[in-house]
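Trainee: The structure under discussion is supplied below as structure tokens; questions concerning it will follow.
The values are calculated or read from the model by the stated rules, or taken from the named source; none is laboratory data. Keep in mind it's a predicted model, so treat the numbers as computed, not measured. Because the Cβ atoms are built from the backbone with ideal geometry, glycine has one as well, and the counts that use them run over all protein chains shown.
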Amino acid sequence: MVGQNLLIMLVALPFLAAGAAATLPSTARNAEAWISGLTMLAMLGILAVIRPEVADGGKVISTITWVDALGLNLKFRIDGFSWLMMVLVSGIGLLVVLYARYYMSPEDPIARFFSSLMAFAGAMSGVILSGNIIMLVVFWEMTSLTSFLLIGYWHHRQDARDGARMALIVTGAGGICLLLSMILLGQIVGSYDLETVLNSGPVIRAHPLYLPVLGLFLMGAFTKSAQFPFQFWLPNAMAAPTPVSSYLHSATMVKAGVFLLVRFEPALGGTDVWFQVVTGIGMLTLLIGAVAALFQHDLKGLLAYSTISHLGLITALAGIGSPDAIVAAIFHIVNHAVFKASLFMTAGIIDHETGTRDMRKLSGIARYMPVTATLAIIASGAMAGVPLLNGFLSKEMFFEATSMWNNGSFLDNALPYVATLAGAFSVAYSLRFIVSVFFGPPAKALPKLPHEPPALMRWPVIVLVVICLAVGILPAATLGPALHDAAYAVLGADLPYYSLKIWHGVNVALIMSIIAMAVGVVIYLLGRNQIERGPEGPPLMRHLRGAEIYDKVLSVLTIRLPKQLLQITRASGLQAQLRIMVLLTLLAGWLALLPLSWNISMPEIALRETIFGLLWIVGAICAIGAAWQAHYYRFAALILLGGAGLVTCATFVWLSAPDLAVTQLLVEIVTTVLLLLGMRWLPKRDPSIPRDQSLRAKFRRRSDLLIAIACGAGMTAISFAILMTTPRSSIGDWFLRHSYSEGGGTNVVNVILVDFRAFDTFGEITVLAAVALTCFALLRRFRPSFESVEPPSPQREQNASTLYNYLYVPQILMQWLFAPIILMSAYLFFRGHDLPGGGFAAGVTLAIGLLLQYLAADVRWVEARLIVLPVRWIAVGLTIATLTGAGAWIFGYPFLSAHAQYIDVPVIGKVPFSTAMGFDLGVFSLVVGAIVLMQIAIAHQSMRIGPRKRESAETEELEKLEEKLEEEAL
């Protein structure tokens, strides 16, 4: 149980730290670094506690039930493999935080940086620890979103914006493919549980949908890990700050793709298609990245392409899929993360202290930065696969895996040669990194005088380089147990015997390593001058740039193709466009209804049905009249529209739905009054303007009438179709039977809203809050015309002595009604769980009482006596609803699970009580705040200053009064 709780904390901690970091001032560098660093340290501590439970094939699983019927639960799972990956995420993350504290400029908005970095770490943790494949995709897409924020952190730079957008589009599109594959996998297996999927390999591989699933899955993995042909986005992501690049290229983001390949290899691997595609793409990416890295002039560019190459190496091992290859893949994931993080930090130090990353300008830096040079040389040696360093061991395993795997195909035979050639280029670009930057004559005309960085900025690099040496010299003692547990978690009983030793004798892998090192040195020495002086990029690839192809494809998809479609489907105006949209919807609806058999038995029409039909004829006349009068008389149209609403309200009463009738009546009052207030600021319409009687106008009006009739008939047909196809025993019967026994209330409608389907209500009130805030934001910038600000003509006819007493009697009545309306609101709220009412109806009722006060008196008079603060009502309501729902988690129940029972109240006795009342209170508060906020936004138009010029003193005074009143009202 302790391990389960710690597992949830492991995912939650980075997100909590992100929220905390976002609230601090942008200049709080130390506080931000401490919060982020302690979070990473706490994650390492949790991993240390969990370590015994994941050893030797153990695992820890924690589940938060959500939609269990659909298999959608928040399930987290950690085994030896995910434990090792989490050590990389949190361990390297801790070093990146320390490094970033001294790398980032004091002028940078540091709160945004650390907040995004922590959210990024949390998203990656979710990917690694998700035990549900759908939730895995959710976290997967979160890594794309947070990396977008980090890559585009310096958003004032064009390259940062372009790189962030490119990374988001490519990896986001891959995430959609991954989601589709996971949905199909769940359908094939019958579960979205990761454990079930991993154990269902034979079922998945034998299924007809295996190839579509595999293709979609590989699209997601290849885009995230920058495999060919999607490798172009990763070098463009180097526009991010160096701490981000160090984290992204080593332990997060790009490692998500190869992590997924290794994790799902038991379920999807083991076929010829898997081997040919995954290994082929991996080897091609390995070679392309290695060659391209050699010809880069930017330090981070060289390291970015080398990352692509090493990711290709890991992908190829996952494609080979043999037990030895899987062990090598996991080993190289760790080794690459360590030396690549140190190299990116070194590149950042060089850029930070010299002012440039151009290797053509850098030379002889070892004279000025000897410690940094030593660290960089060791890390570069690990990248090149030099003996006694960690990269040598996993590259030896890679060479051995490629030489031993041979099934007779062309790709099988080519594996050792491609691997050796790519290894040679790896040596060449590592050698160039060392020689060009640290040796040779002293650099001239550098932007800054080189010197060693602050000690604490260099310490993360020292720690990583020491790990490179320790693993390279004592691999079994340092990484042996963790690697064994990680490989066992993936392979299980198929885990082969392997030896983590420096010397295995003279074998094929050692010979391949020697050849690669020798050829790599020759390649560098022979091509050094041409590489240094020539343009960036290999000669054969300079005209085939992935970023340019991406730009062209994006231009076609987002500009040219929509433009062509617009030329074909464009309409002259908004009405014509809406007409096309309605016609297409109408066509789709009727096509769906045509196959049905229409055996409708007409009921007997008695006096009751006749009266009901006449009622709806009145409603139809009101609706048609509203549409007819809307062109000339808005007020008349609104009154007729209200008549149609009252007919709807009467229908609910007729059909024994008092809750709906009460809600409809209250909403009808509010919407009518708000629309009337809004109409106050609209320009007048002149009824004397003659109606367009042209043939075209007549045709348009008549065609609109026919479309409306067809749509109405379609809705009627859909209603009949639902009645014919719905079984007699519906879900409504279940609600009627269980509303009291499980919800503790006899008002079924209210129990559904605040208990059975409370999550829907929670989403609806959230939308209502967003709508209210949007309306206020839009109306706050709206300035009515000068004529609209003036009092209406009946008020202008009053003299100064009687102007304030205009409609005096209604004012008094509305003010007297305020107290009874509050009482009525409380009555509706407290009776809502057993009788018609509830939080929504009570909230609308109280809002009507406040609305009447604004109608009864001047805005200034009301707000001088009544301060509502609607934004706080909205915030409090949403908070209460959220906390009520989250309170169920304390007792181990899903979000928004309600509990009802009778409680003893002194004197009164036993009274019913339900936790749903707390949720209903949140609904009540939010509804009041939302309606009053929109009401205030409209009411304050009377204080706006129109476009006509006024005296400057009067203008300034009115603007100050307006701002003051708005601040007090909110």
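Trainee: In the stretch 848-964, which helices (runs of 4 or more DSSP H) lie fully inside it and hold 1 or more residues that are at pLDDT 80 or above, closer than 26 Å to Gly763 by Cα and in the same structural domain as Leu773 (by TED's automatic domain parsing)?
Mentor: 870-890, 916-939
Trainee: Can I ask one more? Give me the residue from the stretch 265-284 that is under 15 Å from Ser225 (Cβ atoms) and of a type in the set (Val, Ile, Thr) and, out of that set, surrounded by the fewest Cβ atoms within 10 Å (Cβ to Cβ).
Mentor: So, considering only residues that are under 15 Å from Ser225 (Cβ atoms) and of a type in the set (Val, Ile, Thr), the one surrounded by the fewest Cβ atoms within 10 Å (Cβ to Cβ) is Val277.
Trainee: Does the stretch 97-117 hold any residues that are crowded, with 24+ Cβ neighbours inside 10 Å and closer than 13 Å to Leu41 by Cβ, and which are they?
Mentor: Val97
Trainee: Assuming Ile204 fulfils every condition listed in (1) over 25 Å from the mean Cα position of the chain (by Cα); (2) surrounded by fewer than 20 Cβ atoms within 10 Å (Cβ to Cβ); (3) of a type outside the set (D, E, K, R) apart from one, which condition is it?
Mentor: The failed condition is (2).
Trainee: Related question: Scanning for something surrounded by 23 or more Cβ atoms within 10 Å (Cβ to Cβ), within 35 Å of the chain's Cα centre (by Cα) and in contact (Cβ under 8 Å) with a residue 60 or more places away in the chain, does the stretch 375-382 turn up at least one residue?
Mentor: Scanning the stretch 375-382, I find no residue that is surrounded by 23 or more Cβ atoms within 10 Å (Cβ to Cβ), within 35 Å of the chain's Cα centre (by Cα) and in contact (Cβ under 8 Å) with a residue 60 or more places away in the chain, so the answer is no.
Trainee: Tell me the helices (runs of 4 or more DSSP H) entirely within the stretch 756-845 that contain at least 2 residues that are at negative phi, modelled with pLDDT of 85 or more and surrounded by 15 or more Cβ atoms within 10 Å (Cβ to Cβ).
Mentor: 758-780, 808-831
Trainee: Checking the conditions here, which among Thr671, Thr585 is in a helix (DSSP H, G or I), closer than 30 Å to Leu828 by Cα and not charged (D, E, K, R)?
Mentor: Thr671
Trainee: Tell me, please, whether a residue that is within 15 Å of Gly348 (Cα to Cα) and either of a type in the set (Lys, Arg) or touching a His at 6+ places or on another chain (Cβ under 9 Å) (or both) can be found in the stretch 440-447.
Mentor: Checking the stretch 440-447: not a single residue is within 15 Å of Gly348 (Cα to Cα) and either of a type in the set (Lys, Arg) or touching a His at 6+ places or on another chain (Cβ under 9 Å) (or both).
Trainee: Working carefully through the options Leu299, Leu287, find the one that is surrounded by fewer than 24 Cβ atoms within 10 Å (Cβ to Cβ), among the aliphatic types (A, V, I, L, M) and in contact (Cβ under 8 Å) with a residue 60 or more places away in the chain.
Mentor: Leu287
Conditions tested, residue by residue: (1) among the hydrophobic types (A, V, I, L, M, F, W, C); (2) without any contact (Cβ under 8 Å) to a residue 12 or more places away in the chain.
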residue	(1), (2)
Leu446	yes, no
Leu456	yes, no
Val466	yes, yes
Ala476	yes, no
Pro481	no, no
Ala486	yes, no
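Trainee: Within the stretch 435-457, can one find any residue that is closer than 30 Å to Asn507 by Cα and assigned to a helix (DSSP H, G or I)?
Mentor: no
Trainee: Taking the criterion of being of a type in the set (Lys, Arg) and assigned to a helix (DSSP H, G or I), would at least one residue in the stretch 145-158 satisfy it?
Mentor: No - not one qualifying residue is present in the stretch 145-158.
Each row is one residue, and each column tells you yes or no for (1) in a helix (DSSP H, G or I); (2) without any contact (Cβ under 8 Å) to a residue 12 or more places away in the chain; (3) within 21 Å of Asp272 (Cα to Cα); (4) touching a Pro at 6+ places or on another chain (Cβ under 6 Å).
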| position | (1), (2), (3), (4) |
| --- | --- |
| Arg165 | yes, no, no, no |
| Thr171 | yes, no, no, no |
| Gly174 | yes, no, no, no |
| Gly186 | yes, no, no, no |
| Leu211 | yes, no, yes, no |
| Phe222 | yes, no, yes, no |
| Ala226 | no, no, no, no |
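For (1) under 27 Å from Lys75 (Cα atoms); (2) at pLDDT 90 or above, each residue gets a yes or a no:
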{"position": "Val2", "(1), (2)": "yes, no"}
{"position": "Leu10", "(1), (2)": "yes, yes"}
{"position": "Leu24", "(1), (2)": "no, no"}
{"position": "Gly37", "(1), (2)": "yes, yes"}
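Trainee: Does Ala121 satisfy the criteria of being within 22 Å of the chain's Cα centre (by Cα), crowded, with 24+ Cβ neighbours inside 10 Å and under 20 Å from His249 (Cα atoms)?
Mentor: Yes: the conditions hold for Ala121.
Trainee: Say whether the condition of being surrounded by fewer than 24 Cβ atoms within 10 Å (Cβ to Cβ), of a type in the set (Phe, Trp, Tyr) and assigned to a helix (DSSP H, G or I) is met by at least one residue in the stretch 325-340.
Mentor: No, the stretch 325-340 has no match at all.
Trainee: I would also like to ask the following. Which is over 23 Å from the mean Cα position of the chain (by Cα) and closer than 19 Å to Ala482 by Cα, of Ala33, Ala28, Ala55, Ala42?
Mentor: Ala55
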